[in-house]
């Protein structure tokens, strides 16, 4: 079928002008294609050309308008899609930005976590070392506890043994308290008018002097006095005895050393040719010096007896006298009183016996403190 239309030369230009103008209008979406024929008529084309165009393009224009509407719809849909895309793109960009920020934060968090993890590992390592150290110390403590238990068991056994020893010592102490060793070694008996030491009677009767008994008795007295001096020095914490006179005990031949004058005062002598008078002179000299020693001893004993171990009777010890009884022997003097001399020796023995009590009480007290 021939689709060509023959237009007269007079209508050609108006038709071209109308088509161009309408196309511009159409491009601007200001007009539908169906309005084209009417516009051609307005441009004064001939009736014949108008009829030809109207017949030819009437149906086509309707279809074209529908297609254009469909295209417009698609364009609008595309524009909507484009707008949605742009909005989605903005949202995606914001999401990407947020994700990047999150990623940075996550990276920082990860680095912090890695750092914390590293520090925790270090702390864990330190804790493990401390734990191992504690375990080692615990083993040592357990070992020490086991050793301590063994020691306690051993100490308990030793304590029981000590209790037994203490009990034995207390029994011994009780026995010592009952037995006065000084009384056993130096048995002093006191009678009405005289005294004896270890059974030796030192009295003078009817101007009869038994020198052998006197020497023996004085030997015991010197030995006892020496014991008392040493004990009194001990309880008075005297480490060096600086007394002027010292007793040198040699039995019957004992003597007193004068440290200051470098002289010895003898009790007796082996010279059998000495007469009675000479022996009495030597004995008087010896006894006079002894009273000086006894007086010094009384001071030391009184210092010990400050704790009132023994209620000591007061005895005056002076130059040659004890309680006004002279210790000097003078058989040639008519006024010499034998009984007074015997009482002087009796008082001397009483004094020594009391001093024994003081020393014995001090020793017993020391034993009690030790136990």
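R0 = 45 Å: FRET efficiency of residue 115 with residue 141, Cβ-based, nearest 0.05?
Details: r = 38 Å, r/R0 = 0.84.
Rounded to the nearest 0.05, the efficiency is 0.75.
Using the Cα gyration tensor of region 187-370, with a ≥ b ≥ c the square roots of its eigenvalues, what is the shape: rounded (a/c below 1.5), prolate (a/b larger than b/c) or oblate (neither)?
Values: a/c = 2.00, a/b = 1.51, b/c = 1.33.
Prolate, since a/c reaches 1.5 and a/b exceeds b/c.
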- Task: Evaluate 2.2 N^0.38 Å with N set to the residue count of region 248-310, then give the Cα radius of gyration divided by it.
- Result: 1.45
- Query: Using a basic spin-label model with each label point 7 Å from the Cα along Cα→Cβ, how many nm lie between residue 90 and residue 274?
  - Reply: 15.0
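So if each residue of separation counts as 0.36 nm, and I subtract the Cα-Cα distance between residue 46 and residue 102, what length gain in nm does that give?
Numbers: separation 56, 0.36 × 56 = 20.16 nm, distance 7.53 nm.
Roughly 12.6 nm would be gained on extension.
Could you tell me which of rounded, prolate or oblate describes region 296-362, using a ≥ b ≥ c as the square roots of the eigenvalues of the alpha-carbon gyration tensor, with rounded for a/c under 1.5 and, failing that, prolate when a/b is larger than b/c and oblate otherwise? Before the final figure, lay out the partial values.
Details: a/c = 3.62, a/b = 2.76, b/c = 1.31.
It is prolate, given that a/c is not under 1.5 and a/b is the larger ratio.
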- Query: What FRET efficiency, computed as 1/(1 + (r/R0)^6) with R0 = 41 Å and r the Cβ-Cβ distance, is obtained for residue 295 and residue 160, rounded to the nearest 0.05?
  - Reply: 0.20
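When a/c reaches 1.5 or more, the comparison of a/b and b/c decides; with that in mind, is region 75-157 rounded, prolate or oblate per its Cα gyration tensor?
Details: a/c = 14.26, a/b = 6.67, b/c = 2.14.
Verdict is prolate for region 75-157.
Find how much the distance from residue 210 to residue 126 grows on full extension, using 0.36 nm per residue of separation minus their present alpha carbon separation; answer in nm with one decimal.
Working: separation 84, 0.36 × 84 = 30.24 nm, distance 9.99 nm.
Once the chain is fully extended between residue 210 and residue 126, it gains 20.2 nm.
Listing 279, 102 from the residue with the fewest other Cβ atoms within 10 Å to the one with the most, what is the order?
102, 279
Bear in mind these aren't lab numbers, they're just calculated from the coordinates by the rules spelled out. This structure is a prediction, so every number in the text was calculated from the model and none was measured. Cβ sites come from the backbone with ideal geometry, for glycine too, and all protein chains shown count toward neighbours.
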